[in-house]
Amino acid sequence: MSWQTYIDSNLLGTGKITQAAIYGHDGTLWAASADFNPAQEEIKNIIVSFDDATKIQENGIRCNGTKYYALFHDNQTIHGKNAQKGTEGVIAEKTNQAVILGTYREGTAPGEANKVIGDLADYLRSMSEFDFNEHSHRRYNPLTNSWVLCSPHRTKRPWQGQQETADNESLPSYDPSCYLCPGNRRAQGDTNPEYQNTFIFTNDFAAVKSDQPQFLHKPDGVRGECKVMCFSPKHNITVAEMSKDAIIPVIKAWIEVYRNSFSIPYINHVQIFENKGAIMGCSNPHPHCQIWCTESIPEEPTKELISMTKYYEKNKSCLLCDYVLLETLKLQDKPRIVCENDSFVCVTPFWAIWPYETMIIAKSHVKSLIELDGEKQLNDLADIIRRITCRYDNVFKCSFPYSMGIHQAPVDENDHSHDSHLHLHFYPALLRSPTVKKFLVGYEMLAEPQRDLTPEQAAETLRKCSEIHYKQK
Ligand SMILES: [Zn+2]
Ligand SMILES: [Zn+2]
Ligand SMILES: [Zn+2]
């Protein structure tokens, strides 16, 4: 709404206000009704009177050449009565950006006129003074059709929760006891090849059990295959420290597994995820992810498919395409963008639950990894994965624990043209230091998730982090 609309509709439109104007705190005119033109001097005097009312108490209020007696004043509101005609009056309200001024004539009760101006002032105060980084509010997650409570003031409480020990131990590049290192024997007796970049094998049950994901559902009782994929032969490296060129073979291997799953009739869904760090339940530091190819579609992706379908039916456009447009083009200061390139954007989603939660979203409507358009998009995906994971490590100068999951179209026989849009979720576990861990507790478990660091604050912190890994400096 424009300032002029407020004057025309909210003030004059009520029939209670005769003339009105809106000014900035410095006295600049923002909008006014046709015949209302108080002198600059008059406006300046009214504005200073919110802080010091001596002048208007002694000399009255001058407005548009008319003199009014000051009836009431405080630091937000001034009411005056016409010195000649006691049935007419003037009202001034100060919000944190503007000063609203209005007059009324005989026939309008002063209380009615005061209320009209007061209501607009209250509305503007609530709008402009609402601070996403100060005030509690709820945010809607359109992807999962759920709510998250955002209570930023909680970050100011002294922390008394659990402290974790920072994982600063230096690891060898090869660990003879690691079941993922090249040339080593695994639990079932198989020997790993001397692989150069990536290596995939089908996991045995024991391994699945010892390395359970926290955010993704276990394929209990459904047919499927659980694979483990090593990102690198080096035991002591993480994605954050890998070069873009070293990440490309990882993505190519994901694409292969996804593509091959179409040929296994009972497989309908492929979930690629990485649990990084001991506090995410990952016992082995060797860089790897898991790929669960299952008959049923897990719960979170199912919720997203339903929401995306509903959104498409209503708007005839893709929910995530629209969300990317909003974050990258429509919002001027881009408060939630961490980094971007031609093909992908990394944002702290508006509805994020976890501190530093991010999403990498394809900028074009790409349904799955196999739709990535040649080397350019492949390169861009590797680039943005490297940049966000590197920033994560640099936030607290530690190997940042997270769960990462890739969401894309299921590999079933249905048409997913409108309900799937390639994106990666990063759910980090750290809150404020390398040793303070975030849990869902109490109200969050029972009623709805709650967060204290806003997505905008998290994005700002992540943006400030270098894209050169702290260990490589
Ligand atoms: Zn290893
Ligand atoms: Zn889309
Ligand atoms: Zn998703």
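Sorting Ser2, Ser170, Ser33, Ser368 by the number of Cβ atoms found within 10 Å of their own Cβ, with the fewest placed first, yields Ser170, Ser2, Ser33, Ser368.
Which order do Trp351, Trp292, Trp3 fall in if you start with the one that has the fewest other Cβ atoms within 10 Å?
So the residues, fewest neighbours to most, are Trp3, Trp351, Trp292.
Cross-link reach is defined here as a Cα-Cα straight distance under 16 Å, omitting same-chain residues fewer than 8 places apart; for Lys227 the aspartates and glutamates meeting it are Asp190, Asp204, Asp211, Glu256, Glu274, Glu295. The rule of thumb for compact globular proteins, 2.2 N^0.38 Å, goes into the C-alpha radius of gyration of the chain 1.31 times.
Summing charges over neighbours of Glu241, with a neighbour being any other residue whose Cβ is under 11 Å away from its Cβ, gives +2 when K and R count +1 and D and E count -1.
Would you work out if region 3-129 is rounded, prolate or oblate? Take a ≥ b ≥ c from the square roots of the eigenvalues of the alpha-carbon gyration tensor; rounded if a/c is under 1.5, else prolate when a/b is larger than b/c, oblate otherwise.
It is rounded, given that a/c, with a ≥ b ≥ c, falls under 1.5.
Judged by the gyration tensor of its Cα atoms, with axes a ≥ b ≥ c, region 371-433 is oblate; a/c meets the 1.5 cut and b/c is at least as large as a/b. Scanning residues 5 or more positions from Thr358 or on other chains, those with amide H under 5 Å from its amide H are Phe426, with H placed 1.01 Å from N in the peptide plane.
The residue among Phe396, Gln408, His137 whose Cα reaches farthest toward the positive pole of the charge dipole of the chain, with charges on the beta-carbon of Lys, Arg, Asp and Glu, is Phe396.
Short-range pairs are left out: with C-alpha atoms under 8 Å and at least six residues apart, the relative contact order of the chain is 14 percent. The simple spin-label model puts a point 7 Å past each Cα toward its Cβ; for Glu313 and Tyr123 those points are separated by 3.5 nm. Computed from point charges on the beta carbon alone (+1 for Lys and Arg, -1 for Asp and Glu), the dipole magnitude for the chain about its Cα centre is near 620 Debye.
What is the local net charge at Ile7, summed over the other residues whose Cβ is closer than 15 Å to its Cβ (Lys, Arg +1; Asp, Glu -1)?
Result for the local shell: -3.
Taking all Cα pairs closer than 8 Å and separated by 6 or more residues, the relative contact order of region 3-129 comes to 23 percent. Taking 1.567 mPa s as the viscosity and 4 °C as the temperature, the Stokes-Einstein diffusion coefficient of region 307-429 based on its alpha-carbon Kirkwood radius rounds to 86 µm²/s. Remark on the chain: Cys63, Cys150, Cys226, Cys230, Cys282, Cys289, Cys293, Cys339, Cys346, Cys390, Cys398, Cys465 stand apart, with no other cysteine beta carbon under 4.7 Å.
Only helices enter the 222 nm calculation for the chain: every DSSP H run of n ≥ 4 contributes -39,500 (n - 2.57), and dividing by all residues gives -8000 deg cm²/dmol, rounded to 500.
Overall, region 226-286 carries a charge dipole of about 60 debye about its Cα centre when +1 sits on the Cβ of Lys and Arg and -1 on the Cβ of Asp and Glu, all other atoms neutral.
Listed by chain and number, the lysines placed with their C-alpha closer than 16 angstrom to that of Lys334 are Lys363, Lys464; residues fewer than eight positions away on the same chain are left out.
FYI, it's all coordinate maths here, none of it is from the lab. Remember, it's a predicted structure, so these values are computed and weren't measured experimentally. Because the Cβ atoms are built from the backbone with ideal geometry, glycine has one as well, and the counts that use them run over all protein chains shown.
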